[in-house]
Structure formats: C-alpha cells, structure tokens
Amino acid sequence: MYNITRSPWVMHYDGSSCNGCDIEVLACLTPVYDAERFGIINTGDPMQADILLVTGGINTQNAPVVKQLYDQMSDPKVVVAVGVCACTGGVFKDCYNILGGADQVIPVDVYVPGCAARPQAIIDGIVKGIGVFQERLEKMEKGELKNQEEKEEAGKEE
Amino acid sequence: MNEMTVKIIVAVCYVILAPILGGLLDGIGRKISARMQRRVGPPILQPFHDLGKLLHKDPIHVAPSQNFLMMSYLFFVILTGGMIFLGMDLLMSMFILSTAVMFLYFAATVTGSPYSTIGATRELLQMVAYEPCVLLTCVGFYIVRGSFETAEIINGDISPIAYLPGIFVAFIFILTIKMRKSPFDISTSHHPNQEIVRGITSEIGAKNFAVFTLAEWYETVFLMGMVALFIVNKNPISIPVAIVVAFLVYFLELLIDNCSARMKADKMIKLSWMVTIIAAGANLLALIYIFK
Ligand code: SF4
C-alpha cells in the first residue's frame, strides 16, 4: 500500500468567520510552526488539494460554495473543521442566516475546537486528518470507496 | 560499440535519470528556500512524495482532451532535452520546446476556466519575453562554433562563455521567466499568492498535475544543460566546472525567487527585451566584428 501521508496539500476556505481562525491557519505556515515540514502546502486549487480546511460557520450564501469546492476535490479527500464556528456555528449560531457548522453541507472528518483554534491544535487536526486520508486511499484501492467515474455513472442513473 | 548504441544508451539514461535529478533539484531548492526564510523546510525527497501521491489520487478531467494534451506536453519537453543531450540541433530543440508550451496552453484553455485561461495567456506573454533571447543564444553559439549541433558546440578549445558573456547574462535573466520563478511567476501564481488560483495549472489536477510536475523536472534539467553548454569545452575538467556553474545558477534563481515580489506582465516584457537587446545584442555585434 502506498504511503500518501507525507504529502497532504491543504486548501483553506473561510466561511463566515471572524477571521480569528484564518489568522491562526496562516500562522501554521510561518517559521514558528512551519507546517511545510510535514509536506503541507497551502494551495488555492481544489483540484490539487487533499484536505479542505473550513473556518467559520456556514450561512445561506456560502453553503453552495463549500459544497462545490468539496465536489471539485479528487478522492481521497478529507475535511477538517477549524474553530468552534466551523464545528457548530459557535458564537454566530443563533444568527438568522447561519445554518450551523461545516457538517451541515459536507461530511466533516476532524473537528478542531477552540476560539480561536491554536496553531498547535490546527496542525494536530491536520495530522489526524492525514490518518483518515491514508485510510481512504486504502479503502479506495480495495474498491470500498466509489471513485469518480462510478460516481458519475451513478449520477446518470439517478 | 558503434555510435548508435552509445546514443541509445545516453537517451535511455537521460529519460530515466533526468526526472530523478530534476526532483532532487526541486527538493534541494525547497529546502534552501525554507532555510532562507528561517524555516526547517520539507525533506529533500518531498517532491517524490508529492508525485507519488498525485499518481494515487482519483483522476479528474475537466475536458476529455486534457489527458492527451498533457501527455503531448510531456513528450515534447522530453524530446527537447533529449536532443540537447544527444548532441543534436540546438535551434531545432528550441522550436520543439515552443511546441511543447503550445500544448500546455491548449490544455489550460480547453477547460474554459477563466483562471487557467488568464494563466495560459500570461504563459504566452512569458514566451514573448524569453524567446528573442533564446534565439540570440542559438545564434551566438553558431557564430562561435559554426554549427547549431550541441556535439560540435562542446568540442571547442575555449569555453563559449569567453565569447558570449553578454548572452550568458541575458540567458540567466530569462531563465527566471522560463522557470516561472518570482518575480516572473506570472502564469502560475505561487502557493501563497492565489489571486488567479494556480494560473495555468488551475484546472490540472491529480494525475495530470503529476505529468506537469514531471515535465517541469525534465525542463529544469534541460535548462541547466543549456547553462552548462556555455562552459563545456574539449578539456574534460570543464565538465565538473560546468556542473558547479549550473548549481550556482540554480542557487541564484532561488535567491532571486525568495527576495522579490511578482512583477506586472508588461514590465516583464519591457525589462527582458531591454536586457536581451543591450547585453545579448551588444555581445552579438562584437562577435560579428571579431569573427568577420
Ligand atoms: S471560532 Fe472564534 S476565532 Fe474562530 S472564526 Fe469563530 S469566532 Fe472567530
């Protein structure tokens, strides 16, 4: 089985957050925390990304955007929700336009709590996500996880 | 052993070793860049881990013809380097390189995505910026050695750089454009700057991106080969010297990459043409005078 855990490319999507968590995500890439040690690259392209980092809650406007970004990523893929906003909606939960956490629209694999989540916690979350990433690949190669073509066919049948 | 077998062996070695060397150069480059920013940086073998992962991801094709176009791009890039290392025509290989870039252009525009289209048009602008200098380089080699064949060019008494210092400087300048490094990474915006997502590679994902990475490695090795061509002469000692010079040039590219911000496309064209005309043009005029 090929080991893909050494090269997780991360895409960061900022939902309706207060930008606190976004700053912390960027802090992970600075010399102090240097996430690139683990092969983590912050890419802006869903087609090349393996891990989707969502910060901030989901509102009615960004729900389709998050869904589309997730759909454009190729399997195996992992979603990490960073900060309580992305986990549950956080302090914005009761606002009229907030649907809740990222798991309202896409399946979330790892929840990173904190307001704001600390860089250490974010890196820890990504490392947990990398484990899931490898598991997905193994499942995919065993045929337990549907690949893109099968999904397209299933879509056509529906 | 006749000449043909030697050529075949060289070709096979090139096809196998060039990506390994290119990947290593990439890895060393990332490590050095990280050190320049006081970071630990990824392991040197990181580019190979990335390639392996990309190959294991589920393929996504935005347009059905993209696979074919990307494979053609890779093929022509390999051919370009192969021609140089087999001692064939320099000018011809440069034309093949332009063909390769056209395939990349089509692979990006066929998707219809605005970001990759912007990236692709910028790639064409980059071509406009570096092509004159590449042509003048070939002409310079021709005037010095009387042949476009690389086998003849490496067979002189004095290194070509003795006659071509201006052209060498201009070539190093356009190397930054050709390698898509900052301040001229205008067609593929680098990781932290994502205003056109990933430029020309925006819609190239998974296996196709692995093909793109491989092509880039071949290209790096081929460009370093071009740099070495300025140094190599009849004397075997010149070969290690050429390798050292190629490494130094690569380091210089990294240094420039790390301490400059991206330039606008029109500035890039103006600047690169200016350098080409002043450094390479003056050099060429002097050569014509010397070799009259
Ligand atoms: S969890 Fe806290 S810091 Fe993070 S986006 Fe929400 S409110 Fe801001």
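The values are calculated or read from the model by the stated rules, or taken from the named source; none is laboratory data. Since the model is a prediction, treat every value here as computed from it, not as a measurement. Backbone-built Cβ (ideal geometry, glycine too); neighbour counts: all protein chains shown. For the accessible areas, the whole protein counts, side chains as well, though only heavy atoms, and no ligand, DNA or RNA atoms are used. Shrake-Rupley method; radii C 1.70, N 1.55, O 1.52, S 1.80 Å.
Starting at 0 and stepping by 10 Å, how many percent of the alpha carbon pairs of the range B:1-107 end up in each bin?
13, 28, 34, 21, 3, 0
How about the range B:1-59: which trypsin sites (Lys or Arg not before Pro) there are in a DSSP loop, with at most 14 other Cβ atoms within 10 Å of their Cβ? Provide the component values of the computation, followed by the final result.
Values: sites: B:K7, B:R30, B:K31, B:R35, B:R38, B:R39, B:K53, B:K57; in loops: B:R38, B:R39, B:K57.
Of the trypsin sites (Lys or Arg not before Pro), the ones in loops of the range B:1-59 whose Cβ has at most 14 other Cβ atoms within 10 Å are B:R38.
Provide the buried accessible surface between chains B and A in square angstrom, both chains summed, 1.4 Å probe, rounded to the nearest 100. Spell out each step's value before the answer.
On the way: alone 14080 and 8730 Å², together 20140 Å².
The buried area between B and A, both sides summed, comes to about 2700 Å².
So what J values fall out for the range A:49-63 if you push phi through Karplus, 6.51 cos²θ - 1.76 cosθ + 1.60 with θ = phi - 60°, rounded to Hz, Gly and Pro as x?
Per residue, the Karplus-derived 3J(HN,Hα) values read 8, 10, 10, 9, 9, 10, 10, x, x, 9, 10, 5, 7, 8, 4 Hz.
Pairs of lysines 8 or more apart, or on different chains, with alpha carbons under 19 Å: count those in the range A:8-158, would you?
Counting lysine pairs in the range A:8-158 gives 12.
Compute the signed sum of charges (Lys and Arg +1, Asp and Glu -1) over the other residues within less than 12 Å, Cβ to Cβ, of B:P47.
Values: positive: A:R6, B:R30, B:K31, B:K53; negative: B:D26, B:D50, B:E216.
Result for the local shell: +1.
If R0 is 56 Å, what FRET efficiency do you get for B:V40 and B:K292 from their C-beta distance, rounded to 0.05?
Numbers: r = 57 Å, r/R0 = 1.02.
Approximately 0.45, to the nearest 0.05.
Note the per residue figure in Å³ for the convex hull of the C-alpha positions in the protein assembly as shown. Mind showing how you got there, number by number?
Values: hull volume 69.0 nm³, N = 450.
It comes to 153 Å³ per residue, whole-number rounded.
Mind checking the mean number of beta-carbon atoms from other chains within 10 Å of the Cβ atoms in B:204-212?
Working: counts 3, 8, 6, 1, 2, 5, 0, 0, 0.
The per-residue average across the peptide is 3.
Determine the sum of side-chain charges near B:G156: Lys and Arg each +1, Asp and Glu each -1, restricted to other residues whose C-beta is under 14 angstrom from that of B:G156. Walk me through the numbers on the way to the answer.
Numbers: positive: B:R145, B:K234; negative: B:E149, B:E152, B:D157.
Combined, the nearby Lys, Arg, Asp and Glu give -1.
What value, in deg cm²/dmol to 500, does the helix sum -39500 (n - 2.57) over DSSP H runs of n ≥ 4 give at 222 nm once divided by the residues of chain A? Write out the running numbers ahead of the final one.
Numbers: 5 runs with 58 residues, N = 158.
For chain A, the value works out to -11500 deg cm²/dmol.
Please give the charge dipole size of chain B, origin at the Cα centre, charges +1 on K and R Cβ atoms and -1 on D and E Cβ atoms. Round to the nearest 20 debye.
Values: 21 positive and 18 negative charges, 144 e Å.
So the dipole magnitude of chain B works out to roughly 700 debye.
Eight or more residues apart or on different chains, and alpha-carbon atoms under 24 Å: count the Lys pairs in the range B:60-291 matching that. Don't skip to the answer; put the middle values down first.
Details: B:K178/B:K207; B:K178/B:K264; B:K178/B:K267; B:K178/B:K270; B:K181/B:K207; B:K181/B:K264; B:K181/B:K267; B:K181/B:K270.
Here the count comes out as 8.
Collect residues whose amide H, placed 1.01 Å from N in the peptide plane, falls under 5 Å from the amide H of B:T188; neighbours closer than 5 in sequence don't count.
B:I200
Just the number please: accessible area per residue for the protein assembly as shown, 1.4 Å probe, all protein chains included, in Å². Walk me through the intermediate numbers first.
Numbers: 20140 Å² over 450 residues.
Each residue of the protein assembly as shown exposes 45 Å² on average to a 1.4 Å probe.
Probe 1.4 Å, all protein chains in place: accessible area of A:D22 in Å², nearest 10?
Result for A:D22: roughly 10 Å² accessible.
Taking all protein chains in place and a 1.4 Å probe, what share, in percent, of the accessible surface of the range B:155-292 do carbon and sulfur account for?
Values: 4250 of 5850 Å².
In the range B:155-292, the share of accessible area belonging to carbon and sulfur is 73 percent.
Treat every Asp and Glu Cβ in chain A as -1 and every Lys and Arg Cβ as +1, leave all other atoms uncharged, and give the resulting dipole magnitude about the Cα centre to the nearest 20 debye. Write down the numbers at each step before the final one.
Numbers: 13 positive and 23 negative charges, 83 e Å.
Here chain A has a charge dipole of around 400 debye.
If you put +1 on each Lys and Arg Cβ and -1 on each Asp and Glu Cβ, how big is the dipole of the protein assembly as shown around its Cα centre, in Debye rounded to 20? List each step's numbers first, then the result.
Values: 34 positive and 41 negative charges, 244 e Å.
For this selection, approximately 1180 debye.
Over the range A:1-154, with every protein chain in place, what whole percent of the accessible area is carbon and sulfur at 1.4 Å, could you tell me? Can you show the working numbers first?
Working: 3640 of 6870 Å².
Result for the range A:1-154: 53 percent of the exposed heavy-atom area is carbon or sulfur.
Quick one: net charge of B:M83's neighbours, Cβ under 15 Å, K/R +1, D/E -1? Intermediate results must be reported in sequence, preceding the final value.
Values: positive: B:K7; negative: B:D89, B:E149, B:E152, B:E219.
Counting the neighbours of B:M83, the net charge comes to -3.
Determine the shielding of peptide B:73-79 by partner chains: average, over its residues, the number of Cβ atoms on other chains within 10 angstrom of each Cβ. Don't skip to the answer; put the middle values down first.
Details: counts 0, 0, 0, 0, 0, 0, 0.
Partner Cβ neighbours, averaged per residue: 0.
For the charge dipole of chain B, defined by +1 on Lys and Arg C-beta atoms and -1 on Asp and Glu C-beta atoms about the Cα centroid, which residue among B:T109, B:N258, B:M268 has the Cα displaced farthest towards the positive pole?
Of the candidates, B:N258 comes out farthest on the positive side.
Of B:S182, B:S98, B:F75, whose Cα points farthest to the positive end of the dipole of chain B (charges on the beta-carbon: +1 Lys, Arg; -1 Asp, Glu; origin at the Cα centre)?
Farthest towards the positive end: B:S182.
What percent does the relative contact order of chain B come to when contacts are Cα pairs within less than 8 Å and at least six residues apart? Before the final figure, lay out the partial values.
Values: 416 pairs, mean separation 75.4, N = 292.
26 percent.
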